[in-house]
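The values are calculated or read from the model by the stated rules, or taken from the named source; none is laboratory data. Everything quoted here is computed from the prediction, not taken from an experiment. Glycine also receives a Cβ, built like all others from the backbone with ideal geometry; neighbour counts cover every protein chain displayed. Note: areas computed on protein heavy atoms with side chains; ligands, DNA, RNA excluded. Shrake-Rupley method; radii C 1.70, N 1.55, O 1.52, S 1.80 Å.
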Amino acid sequence: MEKKKYERPMLKRIVPTMPGKTGQNVAVVAQTEIDGVGLDCLRSRFGSPLFVFSERTLRKNMREAVRAFSTRYPEVRFAWSYKTNYLNTICRIFHEEGAMAEVVSGFEYDKALANGVPSNLIIFNGPAKSEQDLLRAIEGDSLIHIDNTEELRILTNLSIEKNIKPRVALRVNMDVGIYPPWNRFGFNLESGQAWDALEKIASEGKLNCVGLHCHIGTFIQTADAYRIEAEKLALLAKDSMEKLGLPISYVDMGGGFASKNTLKSSYLTGEDLCPTFDDYAETITSVFRTMKFPDGKRLRIVLETGRALVDNAGFLLTSVITNKRMADGRLNTVIDAGVNLLFTSFWYNHKVTATYESTSQVEPTMLCGPLCMNIDVIRDNVMLPPLKRNDLLLIHNVGAYNVTQWMQFITMRPKVVMVKENGEVILLRDAECLNDVNGVEDRCTVN
Ligand SMILES: *Cc1c(COP(=O)(O)O)cnc(C)c1O
């Protein structure tokens with residue numbers, strides 16, 4: 001029998017708080033591997049901290065989402081939201097599973113092209129498209145989702161100048177019962193802005209308006225918001241076709257499906273609260289199944305789901321640096337991954353688990369990163385078993401928005417690996433080195 005791991009004895013102050021409805025959440029179930037690959041082994045090969053992605057989970061999520069929608073409605077297409085995670089290997093996995101690309105900048109547009117996405121399968125969103133990028137998108141027959149009147153004017157001018165009729169969709173924002181509403185992007189529905197823009201497009205006849213788009217927000221924990229969105233968009237599509245004669249062929253429902261993370265303000269865990277793909281799919285498709293469009297036409301549903309497809313496929317492996325006692329007696333455990341790598345720790349109470357079996361002894365722990373900043377707190381209060389220097393911890397559900405929003409600050413960005421379906425582990429992105437950071441300065445002549 002293998003020798004059990006030594007655990008230091010622990011003196012615990014009893015904090016007399018009331019247990020919640022679900023009891024006191026103390027269970028710490030260790031996770032020792034990802035898809036059969038030992039976490040200790042990952043650290044010895046690639047170092048710590050380390051982002052780890054599971055190819056199996058990525059593909060499983062995508063297939064699950066596609067199944068939920070396509071078994072209920074025949075015309076469904078997913079577009080991978082690049083800003084959620086634009087590691088090329090991950091984008092290409094989603095493209096292999098049938099996703100188009102959804103980009104919000106010229107840089108992301110280039111990435112999608114380099115990943116082999118044909119330009120006519122790129123949806124170009126975003127509130128700040130340059131004229132140059134718009135021209136490229138027009139020439140590539142991409143689907144341009146118009147955000148504002150200035151953009152509408154530029155597109156119309158380019159269309160006249162180049163004598164090409166660009167394929168566009170109007171981005172619309174609306175009240176779906178989620179407050180504060182996301183009304184910064186696109187044209188407002190209730191105030192009549194959206195209809196005015198559609199009338200202008202129809203009367204000028206310079207743009208091929210093939211779609212309508214709305215992205216109601218992110219981490220939407222109620223499927224019913226999508227029912228309201230679908231009803232309003234479907235009605236707008238019907239009116240655009242009937243009254244303005246616009247050739248609408250798709251309705252893009254945006255992204256925003258919640259992942260299984262737990263919001264900081266939440267009492268119940270994300271795993272208990274979040275709707276499934278089936279819940280979202282049933283709500284959305286039932287609107288389009290019952291709605292009648294001119295000439296019996298059926299609209300395609302496009303989904304730009306980001307975080308719900310990738311969050312639980314990403315993990316952050318991190319090592320303990322030291323334990324400290326704070327003046328008030330609380331335990332402060334310092335790890336080698338800070339908030340500069342884990343932006344989402346400002347929003348979520350990320351699940352953190354031990355990587356080896358321990359006794360049931362746990363202590364409320366403040367989990368801090370290695371930065372010289374008071375805000376560098378990964379979890380302000382999490383139950384963890386006794387830890388010592390070099391012990392490994394696993395942070396869960398970090399696949400969305402972290403490896404795009406991370407920054408080099410005090411420490412550099414670490415390696416990212418993927419456990420492939422065949423069990424092989426591959427390096428997706430190397431750790432940054434001093435040359436990467438200094439290189440952009442060294443290129444300047446003044447230095
Ligand atoms: C960010 C974004 C998405 C993806 O949102 P998630 O909440 O990650 O699903 C989709 N569409 C647009 C326009 C976006 O800006």
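Computed per residue of the chain from DSSP H runs no shorter than four, each worth -39500 (n - 2.57), the mean residue ellipticity at 222 nm is -9000 deg cm²/dmol. The modelled label-to-label distance for the pair C41/R289, using points 7 Å beyond Cα in the direction of Cβ, is 4.5 nm.
Restricting attention to the chain, close to 45% of DSSP beta bridges with both partner residues there are antiparallel.
Using a probe radius of 1.4 angstrom, the carbon and sulfur fraction of the accessible surface of segment 55-309 is 49%. Per the Kirkwood formula applied to alpha carbons, segment 55-309 shows a radius of gyration over Rh ratio, Rg over Rh, of 0.95. For A223, the shell of other residues with beta-carbons less than 14 Å away shows a net charge of -4, using +1 for Lys and Arg and -1 for Asp and Glu. Within the set of other residues whose C-beta is less than 9 Å from the C-beta of S286, count the net charge using Lys and Arg as +1 and Asp and Glu as -1. After counting each charged neighbour, the total is +2.
Each of E421, E2 has its accessible area taken with a 1.4 Å probe; listed largest first, they run E2, E421. Between I160 and L434, the simple spin-label model (points 7 angstrom out along Cα→Cβ) gives 5.8 nm. The 1.4 Å probe gives accessible areas that order E432, E441, largest first, as E441, E432. In straight-distance terms, cross-link reach from K12 covers every one of the lysines whose alpha-carbon lies under 27 Å from its own, apart from those fewer than eight places away in the same chain; here that gives K3, K4, K21, K264, K324, K351, K388. Over the chain, accessible surface divided per residue gives 47 Å², non-protein components excluded, 1.4 Å probe.
Taking M366, M1 and ordering them by how much accessible surface each has at a 1.4 Å probe, largest first, produces M1, M366. Shown for the chain is the translational diffusion coefficient from the Stokes-Einstein equation, using the Kirkwood radius over Cα pairs, a temperature of 37 °C and a viscosity of 0.692 mPa s: 137 µm²/s. Computed with a 1.4 Å probe over protein heavy atoms only, the accessible area of E151 comes to about 10 Å². Across the chain, the mean sequence separation of Cα contacts (distance under 8 Å, 6 or more residues apart), normalised by length, yields a relative contact order of 20 percent.
With a Förster radius of 60 Å applied to the beta-carbon distance between V29 and T149, the computed FRET efficiency rounds to 0.65. Subtracting the Cα-Cα distance of R443 and L244 from their residue separation scaled by 0.36 nm leaves 66.3 nm.
R136 sits with roughly 80 Å² accessible to a 1.4 Å probe, with DNA, RNA and ligands left out of the calculation.
Spin-label model, V425 to M412: label points 7 Å out along the Cα-to-beta-carbon direction sit 2.1 nm apart.
For K200 and K3, the difference between the fully extended length at 0.36 nm per residue and the C-alpha to C-alpha distance is 63.4 nm.
Under 17 Å from a label point set 7 Å out along the Cα-to-Cβ vector of E271, the amide N atoms of segment 302-319 belong to 311-316.
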